[in-house]
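What follows is a short report on a single structure.
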Amino acid sequence: MAVILGIETSCDETAAAVVTDGRVILSNVVASQVELHRRYGGVYPELASRQHVLDIVPVIQEALTRAGLEWSALDAIAVTHGPGLVGSLLVGVNAAKAIAWAKGLPLIGVNHLEAHLYANWLIPPPKDSGTPPMPAPVPRFPLICLIVSGGHSDLVLMTAPQRYRILGRTLDDAAGEAFDKVARLLGLGYPGGPAIQAAAQGRSGPNGGGRPERGGDPHCFDLPRALWQSGYDFSFSGLKTAVLHIAQDYAGVIGQPSQLKARATAAHQPPAKRQLPVADLAASFQAAVVDVLVEKTQRAAGEFQAKEVLLAGGVASNALLRQEMMARLRVPVRCPPPALCTDNAAMVAAAGHFQYEAGERSSWDLDVRPGLRLR
Ligand code: KG4
Ligand code: ZN
């Protein structure tokens, strides 16, 4: 039973975790930089890497302490080496190399996207040491994975462990990127996904701000669903632009309303300079993204006779997406708990475990790969 230390620094979370058997989480520490980047409305890469440098050692130390383990208990160090921000990745990879060298442990470079998938098979440790861990879910192949994060929207056919075929990906913005940009446009702050979800539900968002009087109406605005029936690729930039044009209409800005695919329904014809119905627009935007993601995943599951569907990545923590996938798909849908959908190192340790078992080892010249894709 291998014990793996995972390290993750691909974006704005400094994370370390200890996982046994690729499944059981002994510790999972995440130092989020959200507060640092909020004022910029997105991740400021230079600041992110500097903060990783400050946080990486205490976060790793904390992961070991919470797991109750000494260095000698570890079998390997797994680290995200791509895709991600180059300066951020460098911090994690160099820390992992230094520890692996000093402690004489094998080093394993992990693909961040693959790690997101493995979050689906993680389980918490048993409540007390006398109880055996609950059985871990076993993947049933072939399966379809939808990886939706701030940087990626990939629809993937998985036929065996580590065997992937990309069916489609985004042609422009990633789903999470679209959430972040639209949230900025609606004045909901960063990170955008949870803020849009909250506004649509009539709750105050994580970034503070006023609580909408009611939940939003997802049918209020007829927003475009790009590439709806064609192939498995995604496109979200037209949807974002449609939201921008509606916002401009309400603000009385002269835009190009005649070119809008999106039309406000009769009840919401926007006279210039009327208050933007943020909750309705957030709900309509969220519904449009979810509709496209569910439609394509459902079609892929049917075509490739998937035995199950996995959701992964930060956007997979979206409540409507999870609810609609489970309601509309005819095969079981698995998604990690929200805290394991967003970036963490337990998923890196889990992916690293399966590489470790397959005898994969990285050499000391392991480099960062900002544009790494799934093999
Ligand atoms: O996987 P992740 O933590 O980092 C990347 O690898 O990119 O994903 C972050 C993305 C952000 O764009 C964030 O807005 C989005 O996931 N996100 C959500 C939700 N929570 C996070 N999007 C929609 N609904 C959510 N509840
Ligand atoms: Zn991620």
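Every number in this text was worked out from the coordinates using simple rules, so none of it is lab data. All figures in this text were calculated on a predicted structure; none of them were measured in a lab. Cβ placement follows ideal geometry from the backbone for every residue including glycine, while neighbour counts extend to all protein chains displayed.
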Check: With springs only between Cα atoms under 10 Å, which of K127, K240, K181 fluctuates most in a Gaussian network model of the chain?
Finding: K127
Item checked: Longest DSSP-loop-exposure-free segment, GluC sites (Glu not before Pro), the chain, at most 12 other Cβ within 10 Å -> 214-375
Check: With the chain treated as a Gaussian network of Cα nodes joined by springs under 10 Å, which of A102, A199, A349 yields the largest mean-square fluctuation?
Finding: A102
Check: If you stretched the chain out fully between E35 and R140, how much longer would it get, using 0.36 nm times the residue separation minus the C-alpha to C-alpha distance?
Finding: 33.9 nm
Check: Helix hunt in the chain: which complete DSSP H runs extend at least 30 Å axially by C-alpha with mean Kyte-Doolittle at least -0.5?
Finding: 45-67, 278-303
Checklist line | Residue among S27, S235, S362 with the largest mean-square fluctuation in a Gaussian network model of the chain, springs linking Cα atoms under 10 Å | finding: S362
Note to self: From the helices alone, meaning DSSP H stretches of at least four residues, give me the mean residue ellipticity at 222 nm for the chain, per-run term -39500 (n - 2.57), in deg cm²/dmol to the nearest 500.
What the structure shows: -12000 deg cm²/dmol
Note to self: Could you work out the percent of alpha carbon pairs in the chain separated by over 35 Å, rounded to a whole number?
What the structure shows: 27 percent
Margin query: Relative contact order of the chain, please, whole-number percent, based on alpha carbon pairs below 8 angstrom and at least 6 residues apart.
Written below: 24 percent
Notebook entry, point to check: Share of antiparallel DSSP beta bridges in the chain, in percent to the nearest 5?
Noted result: 60 percent
Note to self: Give the aspartates and glutamates whose C-alpha is closer than 12 Å to that of K296, dropping any in the same chain fewer than 8 places away, or say none.
What the structure shows: D154, D233
Checklist line | Charge-dipole axis of the chain as Lys and Arg at +1 and Asp and Glu at -1 on Cβ define it, positive-most pick from I4, L185, P135 | finding: L185
